[in-house]
1. Is it the case that segment 220-228 has a residue that's closer than 19 Å to Thr102 by Cβ and either open to solvent by 40 Å² or more (accessible area, probe 1.4 Å) or not polar (S, T, N, Q) (or both)?
2. Return the residue satisfying two criteria in turn: it lies in segment 342-365 and is open to solvent by 20 Å² or more (accessible area, probe 1.4 Å) and of a type in the set (D, E, K, R), and of such residues it is nearest to Asp285 (Cα to Cα).
3. Looking at segment 307-316, is at least one residue closer than 22 Å to Glu72 by Cα, at pLDDT 85 or above and assigned to a loop (DSSP other than H, G, I, E, B)?
4. Taking Pro266 and the conditions (1) under 20 Å from Asn63 (Cα atoms); (2) in the same structural domain as Pro331 (by the TED database); (3) open to solvent by less than 70 Å² (accessible area, probe 1.4 Å), which numbered condition does it fall short on, given that it satisfies the others?
5. Which condition number in (1) in a helix (DSSP H, G or I); (2) buried (at least 16 other Cβ atoms within 10 Å of the Cβ) is the one that Ala258 fails?
6. Would you be able to say whether some residue in segment 275-296 is touching a residue at least 12 places away in the same chain (Cβ under 8 Å), outside any loop (DSSP other than H, G, I, E, B) and touching a strand residue (DSSP E or B) at 6+ places or on another chain (Cβ under 9 Å)?
7. Please go through segment 87-115 and give me each residue that is part of a helix (DSSP H, G or I) and more than 33 Å from the chain's Cα centre (by Cα), ordered by number.
8. Hey, can you tell me all the residues within segment 73-110 that are of a type in the set (D, E, K, R), within 22 Å of Ala134 (Cβ to Cβ) and open to solvent by 30 Å² or more (accessible area, probe 1.4 Å)?
Amino acid sequence: VLQIFEWWYFRKYGTSFIEQVSVSHLRPLLGGVDNSAPSAASAANGDADSSRQSVSECKVWRNPLNLFRGAEYNRYTWVTGREPLTYYDMNLSAQDHQTFFTCDTDHLRPADAIMQKAWRERNPQARISAAHEALELNECATAYILLAEEEATTIVEAEKLFKQALKAGEGCYRRSQQLQHHGAQYEAQHRRDTNVLVYIKRRLAMCARKLGRTREAVKMMRDLMKEFPLLSMFNIHENLLEALLELQAYADVQAVLAKYDDISLPKSATICYTAALLKARAVSDKFSPEAASRRGLSTAEMNAVEAIHRAVEFNPHVPKYLLEMKSLILPPEHILKRGDSEAIAYAFFHLQHWKRVEGALNLLHCTWEGTFRMIPYPLEKGHLFYPYPICTETADRELLPSFHEVSVYPKKELPFFILFTAGLCSFTAMLALLTHQFPELMGVFAKAFLSTLFAPLNFVMEKVESILPSSLWHQLTRI
């Protein structure tokens with residue numbers, strides 16, 4: 001029976017049940033650790049040290065499509081009474097602001113000195129008051145940024161403040177550009193002014209995208225990427241991909257992917273799932289699982305399925321959000337790549353693009369669960385990517401609000417029938433072994449068990465016999 005069950009399980013799930021139980025459950029109990037990592041996965045990504053990659057991949061990244069606190073996050077709080085951002089997430093943002101918007105020479109300028117303190121303030125009203133105080137002294141770009149992000153209650157108001165910030169920021173950038181080679185302090189100030197200018201232009205492009213001026217937003221993003229090609233850490237190409245998908249400019253999307261979906265560059269859910277969407281678009285309108293099972297997959301369908309497999313292995317949290325099997329929340333300001341936070345941020349903005357492509361969600365629905373079962377188990381292994389990091393759950397719980405149920409993947413949920421069958425097989429094997437070793441003792445236990453099992457039935461029979469007339473009871477026993 002065990003052999004038959006093992007064969008059936010291997011045919012259905014592609015892995016040995018005994019091996020899976022041994023590696024996943026017995027080995028941790030016995031204190032064993034599997035330190036092996038496939039070299040092919042590291043070579044495929046251009047890095048030799050897979051353990052170092054796993055640690056670095058647990059790094060928290062700034063969400064390229066993060067919302068506006070005043071115009072979007074605060075509006076959600078007003079309507080629902082819930083806080084969409086965690087303290088940990090906002091603290092990371094405060095650190096980002098201090099890194100990008102301040103420098104060592106700020107104390108020489110009164111307005112910048114006030115803003116240096118403002119970015120450290122925890123109270124939102126104190127930050128806003130400090131920004132107004134800085135603007136009374138001088139046209140300060142970072143003060144306008146803070147007001148646009150936190151005080152403006154609509155995207156239109158935020159855009160007006162960012163335009164004022166752009167005017168002030170461009171002036172500071174030109175002045176510091178002329179002095180950048182005069183010393184380390186001027187170099188640091190120019191770097192700060194560059195960060196401020198890039199941030200303002202990017203947020204202006206996002207305002208245009210949110211207000212429906214998508215072509216204008218695409219032009220602004222392209223110009224920004226040409227003007228500052230080295231600032232790839234801001235991941236502006238992810239904003240560009242989302243805007244191009246809104247325009248249904250799929251050829252342009254493919255061109256951007258060809259540049260950024262490179263083996264030496266870090267991947268993201270946006271890159272992997274957008275590539276899968278483009279491959280699925282070529283076949284999804286005519287795809288039928290029944291027809292595919294009869295005739296087999298065509299080359300284009302195979303390419304689409306492989307792209308979905310690649311995307312699911314990179315981030316297995318995304319499909320449930322795209323298929324609306326799990327409810328979305330507002331994305332956090334920071335995300336963990338390959339984690340639930342990244343899946344929420346991607347699906348929040350890209351679900352509409354998947355719905356627009358006819359049959360794409362149907363193809364994803366037909367293939368993602370099979371893909372998920374093919375992901376190597378345990379997590380120390382990987383096919384297309386380096387091992388899935390084990391720190392995602394802890395970091396996601398810090399980034400996501402308490403009212404959201406954090407996805408914990410890859411976690412393969414076994415059906416109850418499989419668990420019941422495995423337990424029954426194990427119990428039967430144990431009984432057979434004990435009966436073989438101790439036949440007399442097991443016979444005594446069996447008799448005691450059966451007598452205990454049938455005791456309630458014997459009690460009921462005695463009661464019925466005492467109540468019913470003896471002649472009727474005699475006829476019933478004969479029947």
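The values are calculated or read from the model by the stated rules, or taken from the named source; none is laboratory data. All of these numbers come straight from a predicted model, not from anything done at the bench. Using ideal geometry, Cβ is built from the backbone for each residue, glycine included, and neighbour counts are taken over all protein chains shown. With ligands, DNA and RNA removed, areas are computed over all heavy atoms of the protein, side chains included. Shrake-Rupley method; radii C 1.70, N 1.55, O 1.52, S 1.80 Å.
1. no
2. Only one residue fits best here, namely Glu358.
3. Checked segment 307-316: no residue is closer than 22 Å to Glu72 by Cα, at pLDDT 85 or above and assigned to a loop (DSSP other than H, G, I, E, B).
4. Pro266 satisfies all of (1) under 20 Å from Asn63 (Cα atoms); (2) in the same structural domain as Pro331 (by the TED database); (3) open to solvent by less than 70 Å² (accessible area, probe 1.4 Å) except (3).
5. Every listed condition holds for Ala258 apart from (2).
6. Our first condition is that a residue be touching a residue at least 12 places away in the same chain (Cβ under 8 Å); within segment 275-296, this holds for 275-287, 289.
Then drop every residue that is not outside any loop (DSSP other than H, G, I, E, B), which leaves 275-281, 284-286, 289.
Still in the running and touching a strand residue (DSSP E or B) at 6+ places or on another chain (Cβ under 9 Å): none.
No: zero hits.
7. Going residue by residue through segment 87-115, those that are part of a helix (DSSP H, G or I) are 87-101, 104-108, 110-115.
Correct list: Asp104, Thr105, Asp106, His107, Leu108, Pro110, Ala111, Asp112, Ala113, Ile114, Met115.
8. Asp96, Asp104, Arg109
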